[in-house]
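Asker: Can you read through this structure? Questions will come right after.
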Amino acid sequence: MTSYAELQVTSNYSFLRGASHPDELVLQAAVLGHTAIAITDRNSLAGVVRAHVAVKQYGKQHGIQLIVGTRLDLEDAPSLLCYPTNREAYGRLSQLLTLGKRRAEKGSCHLFLEDLLDGEIFEAGKGQVMIAIPPDEALDRVYTNHLSLLKNKFKKNVYLSVKHSYFGNDQQRIFELSQLAKGLFIPLVAVNDVHAHAAERRVLQDVLTCIREHTTIHGAGFLLHHNAERHLKSPEEMARLFAGFPEAIANTQKIAKKCQFNLDELRYEYPIDPTRQGRSPQEELDYQTRLGMKERYPDGVPLKVREQIEHELALIDELGYAPYFLTVHDIVRFARSRDILCQG
């Protein structure tokens with residue numbers, strides 16, 4: 001039985017590009033027998049949440065793994081697929097995407113190769129697996145130098161993707177890429193550049209392309225995908241397509257084993273602001289509460305009120321909610337200093 005994981009998948013969270021929902025893609029991959037699936041929307045992690053929920057729903061039955069990832073479309077270099085292998089790497093990737101989005105208008109993301117290679121946020125790809133996406137045009141010295149740069153920077157964590165485009169020259173193209181990868185000691189990995197869970201979504205895919213490009217079906221021409229092959233295929237079909245390069249199929253499993261980060265590792269972390277004199281948030285809340293008690297009850301705090309306050313402070317401490325109450329206190333204090341009505 002062939003083991004295969006699809007590592008390049010565009011969902012409908014890549015606006016006007018993907019023709020299937022993340023849960024549709026996960027379910028189809030599970031039914032086809034994929035060991036894993038990676039959601040790699042363009043400069044976004046938005047689609048992985050629904051994919052994660054779907055894997056939790058179907059994973060036990062089908063044994064499929066979700067690989068969290070994204071496609072990094074760079075302003076000055078060919079695109080890369082990126083997959084964080086752990087929680088820390090996921091955080092760095094999220095910060096990188098935030099950096100790119102803050103540079104651009106809403107809906108866009110401006111990232112540069114330097115951000116990946118030398119930027120402080122990304123830490124030179126620490127904890128990331130990268131797959132280089134070759135350009136559709138003929139390979140040249142510029143792209144060879146680009147791959148060499150990636151290899152020198154990311155070492156064993158960089159791969160080169162190969163796919164069947166069904167243009168009639170796929171075998172020659174894959175052979176050329178394999179020779180390039182061999183010369184640079186970069187492993188090949190098979191992908192299908194999936195944009196839909198099933199071939200039947202081709203019509204919807206064409207409509208989305210026309211909307212994105214502001215044209216009609218009759219006028220779209222080569223803007224449309226050339227065929228309906230960008231859908232999930234069975235592991236057996238992928239193995240048949242890459243019969244001459246079995247290592248490209250096997251490497252999908254190696255990458256899946258490296259990428260064990262799971263969204264269940266995330267939890268909300270409330271931002272903690274500095275407090276006076278180095279007190280902890282709970283100590284600061286206790287201190288501010290005592291001041292408020294003296295102001296509210298200058299002649300002494302009634303026993304019932306004191307007991308209620310002690311009970312609530314203990315509960316807040318147990319739940320770790322002190323930073324939230326300090327935030328509310330700051331907002332109320334600011335509002336009152338400006339004579340702004342506030343309730344809550």
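Asker: Out of (1) open to solvent by less than 10 Å² (accessible area, probe 1.4 Å); (2) out of contact with any strand residue (DSSP E or B) (no Cβ under 7 Å at 6 or more places or on another chain); (3) not small (Gly, Ala, Ser), what's the single condition that is false for residue 80?
Answerer: Checking residue 80 against (1) open to solvent by less than 10 Å² (accessible area, probe 1.4 Å); (2) out of contact with any strand residue (DSSP E or B) (no Cβ under 7 Å at 6 or more places or on another chain); (3) not small (Gly, Ala, Ser), the one that fails is (2).
Asker: Considering (1) closer than 30 Å to residue 141 by Cβ; (2) part of a loop (DSSP other than H, G, I, E, B), say which one residue 179 fails and leave the rest.
Answerer: It is condition (2) that residue 179 fails.
Asker: Taking the options 265, 237, 269, name whichever one is closer than 30 Å to residue 81 by Cα, open to solvent by 30 Å² or more (accessible area, probe 1.4 Å) and touching a residue at least 24 places away in the same chain (Cβ under 8 Å). Spell out how you get there, then give the answer.
Answerer: Details: 237 fails: touching a residue at least 24 places away in the same chain (Cβ under 8 Å); 269 fails: touching a residue at least 24 places away in the same chain (Cβ under 8 Å).
Matching residue, one of 265, 237, 269: 265.
Asker: Quickly run through region 166-221 and pick out the residues that are of a type in the set (A, V, I, L, M, F, W, C), within 30 Å of residue 250 (Cβ to Cβ) and either surrounded by fewer than 19 Cβ atoms within 10 Å (Cβ to Cβ) or touching a Cys at 6+ places or on another chain (Cβ under 8 Å) (or both).
Answerer: Let us first name the residues in region 166-221 that are of a type in the set (A, V, I, L, M, F, W, C), namely 167, 174-175, 177, 180-181, 184-186, 188-191, 194, 196, 198-199, 203-204, 207-208, 210-211, 217, 220.
Of the ones still in play, those that are also within 30 Å of residue 250 (Cβ to Cβ) are 167, 174-175, 177, 180-181, 184-186, 188-191, 194, 196, 198-199.
Result: 167, 175, 180, 184, 185, 198, 199.
Asker: Would you check which residues across region 59-114 are closer than 11 Å to residue 42 by Cβ and among the charged types (D, E, K, R) and list them?
Answerer: Matches in region 59-114: 71, 73.
Asker: Which one is nearest to residue 269 (Cα to Cα), of the residues in region 292-344 that are of a type in the set (Lys, Arg) and part of a helix (DSSP H, G or I)? First the steps, then the outcome.
Answerer: Pass one, region 292-344, residues of a type in the set (Lys, Arg): 294, 296, 304, 306, 333, 336, 338.
Filter once more, keeping what is part of a helix (DSSP H, G or I): 294, 296, 304, 306, 333, 336.
On the way: 294: 32, 296: 33, 304: 34, 306: 31, 333: 24, 336: 28 Å.
Of everything passing the filter in region 292-344, 333 is nearest to residue 269 (Cα to Cα).
Asker: Another one. Would you call residue 45 surrounded by fewer than 22 Cβ atoms within 10 Å (Cβ to Cβ) and either among the small types (Gly, Ala, Ser) or over 22 Å from residue 242 (Cα atoms) (or both)?
Answerer: Working: surrounded by fewer than 22 Cβ atoms within 10 Å (Cβ to Cβ): yes; either among the small types (Gly, Ala, Ser) or over 22 Å from residue 242 (Cα atoms) (or both): yes.
Considered against the rule, which asks whether it is surrounded by fewer than 22 Cβ atoms within 10 Å (Cβ to Cβ) and either among the small types (Gly, Ala, Ser) or over 22 Å from residue 242 (Cα atoms) (or both), residue 45 comes out as yes.
Asker: I need every pair where a residue in region 321-344 that is within 22 Å of residue 283 (Cβ to Cβ) has its Cβ under 6 Å from the Cβ of a residue that is open to solvent by 100 Å² or more (accessible area, probe 1.4 Å) and among the hydrophobic types (A, V, I, L, M, F, W, C), sequence separation at least 6 or different chains.
Answerer: Partner pairs satisfying both residue conditions: 323/272.
Asker: Tell me, yes or no, whether region 222-230 has at least one residue that is surrounded by fewer than 21 Cβ atoms within 10 Å (Cβ to Cβ), at pLDDT 95 or above and aromatic (Phe, Trp, Tyr).
Answerer: No: region 222-230 contains no residue that is surrounded by fewer than 21 Cβ atoms within 10 Å (Cβ to Cβ), at pLDDT 95 or above and aromatic (Phe, Trp, Tyr).
Asker: Here's another thing I want to ask about it. Counting just the residues of region 106-143 that are more than 20 Å from the chain's Cα centre (by Cα) and in a loop (DSSP other than H, G, I, E, B), which one comes out modelled with the highest pLDDT?
Answerer: Keep residues of region 106-143 that are more than 20 Å from the chain's Cα centre (by Cα), which gives 118, 134-143.
When the remaining residues are screened for being in a loop (DSSP other than H, G, I, E, B), the result is 118, 134-140.
Values: 118: 89, 134: 96, 135: 92, 136: 86, 137: 85, 138: 83, 139: 89, 140: 91.
Ranking the candidates gives 134 first.
Asker: Among the residues of region 245-255, is any in contact with an Asp or Glu (Cβ under 8 Å, 6 or more places away or on another chain), part of a loop (DSSP other than H, G, I, E, B) and buried (at least 17 other Cβ atoms within 10 Å of the Cβ)? Give the derivation first.
Answerer: Just the residues of region 245-255 that are in contact with an Asp or Glu (Cβ under 8 Å, 6 or more places away or on another chain), to begin with: 252.
Checking which are part of a loop (DSSP other than H, G, I, E, B) leaves us with none.
No.
The values are calculated or read from the model by the stated rules, or taken from the named source; none is laboratory data. What you see is a predicted model, and the numbers here were worked out from it, not measured in a lab. Glycine also receives a Cβ, built like all others from the backbone with ideal geometry; neighbour counts cover every protein chain displayed. Heavy atoms of the whole protein, side chains included, go into the accessibility calculation; ligands, DNA and RNA do not. Shrake-Rupley method; radii C 1.70, N 1.55, O 1.52, S 1.80 Å.
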